[in-house]
Amino acid sequence: MKNFALTGLAGYIAPRHLKAIRDTGNRLVAAADPHDSVGIIDSYFPDAAFFTEIERFDRHISKMRRQDSKEKIDYMSICSPNYLHDAQVRLALRVGANAICEKPLVLNPWNLDLLQEIEDDSVGDINTILQLRVHPSLLELRDRIRSENGRRHAVRLTYITSRGKWYKYSWKGDPVKSGGVSTNIGIHFFDLLMWLFGDVEKNEVHISEEERVGGFMALEGADVEWYLSLKENDLPERTPEGQSTYRSITVDGEEIEFSGGFDDLHTRVYEKTLDDDGFTIEDARPSIQLVHDIRNATPQQPSESFHPFVKGYSLEEV
């Protein structure tokens, strides 16, 4: 049984990590979050120490290491806001633990180089969560693509997830802290597409706004038209009433169905990580580089062949 600490306990994604820690037969001994709405922990690890100040959390887990306590941390799960990931990964390594960090591992690609140097000098390893890579349907799709001997595909990615006014007042609405729309809601899809179809050969951004971004990229094995949005009026008219999210990935006109099977993906990633087969800095690097490039790109006029595909993008309905 391994000992875990966790940062970002009050956040949206933390329950998936709590479940993964429990379901892999391990225990959470310490957690931190500046917010104290963390009653969810009672369903998992009610005896874990909890801190609202990262400095006291740091002191506690450092003390456990120095005393070689039975609660010495083996792994730290990092579920905090994106801009804190880098520093908290370094905290994990400094106390002799392995890091399991939510995506994005960092916001800028050059931060990966420093983390790699620190990891090389540390006893702990750095791993991240790329849970779509363990989804059974997507693993089958990848096997199918690899069996097609280099056939080139046409792909469309549309992800619209409407957000209320609160969003722009939170860290998620601050591009400096979240990386903006392409990073905050898109990075796992971009990682998936490169995992399926190879590295980026061409990247064009056609629209870049506070709440939506879209463009075209040529991957080694696919041409991809993509669109990400937080705007409710971008939802297709056929979206069921009360549903605030629309997600679609098509390959050669065929919808990829992977709406189910999400409940245990974090647990599967944890299992791989605990078996020394987790997702590393180098696994994370391509998508972090891509969203950085998207974030800093100057929008271009779409080519005549570009085919907008949501009503908010103004030509045709989905």
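The values are calculated or read from the model by the stated rules, or taken from the named source; none is laboratory data. If you're wondering where the values come from, they're calculated on a predicted model, not measured in any experiment. Quick reminder, even Gly has a Cβ in these numbers, built from the backbone with ideal geometry, and neighbours come from all protein chains shown.
Taking ALA30, is it within 30 Å of TYR167 (Cα to Cα), surrounded by 19 or more Cβ atoms within 10 Å (Cβ to Cβ) and over 22 Å from the mean Cα position of the chain (by Cα)? Considered against the rule, which asks whether it is within 30 Å of TYR167 (Cα to Cα), surrounded by 19 or more Cβ atoms within 10 Å (Cβ to Cβ) and over 22 Å from the mean Cα position of the chain (by Cα), ALA30 comes out as yes.
Restricting the search to helices (runs of 4 or more DSSP H) fully inside segment 130-194 and requiring at least 3 residues that are at pLDDT 90 or above and exposed (fewer than 13 other Cβ atoms within 10 Å of the Cβ) gives 136-146. What is the one condition in (1) surrounded by fewer than 19 Cβ atoms within 10 Å (Cβ to Cβ); (2) within 20 Å of GLU140 (Cα to Cα) that ASN203 does not satisfy? Just one mismatch for ASN203, condition (2).
Residues that are at pLDDT below 90, surrounded by 11 or more Cβ atoms within 10 Å (Cβ to Cβ) and more than 28 Å from ASN149 (Cα to Cα) were ranked within segment 241-265; the one that is farthest from the chain's Cα centre (by Cα) is SER244. No other residue among ARG238, ARG268, ARG285 is out of contact with any helix residue (DSSP H, G or I) (no Cβ under 7 Å at 6 or more places or on another chain), surrounded by fewer than 19 Cβ atoms within 10 Å (Cβ to Cβ) and either in a helix (DSSP H, G or I) or at pLDDT below 95 (or both) apart from ARG238. Looking only at segment 59-112, residues that are at pLDDT 95 or above, among the charged types (D, E, K, R) and more than 30 Å from ARG295 (Cβ to Cβ) come to 2 in all.
Residues checked against (1) in a strand (DSSP E or B); (2) more than 21 Å from ASP276 (Cβ to Cβ); (3) of a type in the set (Ser, Thr, Tyr):
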position: LEU18; (1), (2), (3): no, yes, no
position: ASP58; (1), (2), (3): no, yes, no
position: LYS70; (1), (2), (3): no, yes, no
position: LEU91; (1), (2), (3): no, yes, no
position: LEU105; (1), (2), (3): no, no, no
position: LEU114; (1), (2), (3): no, yes, no
position: ASN127; (1), (2), (3): yes, no, no
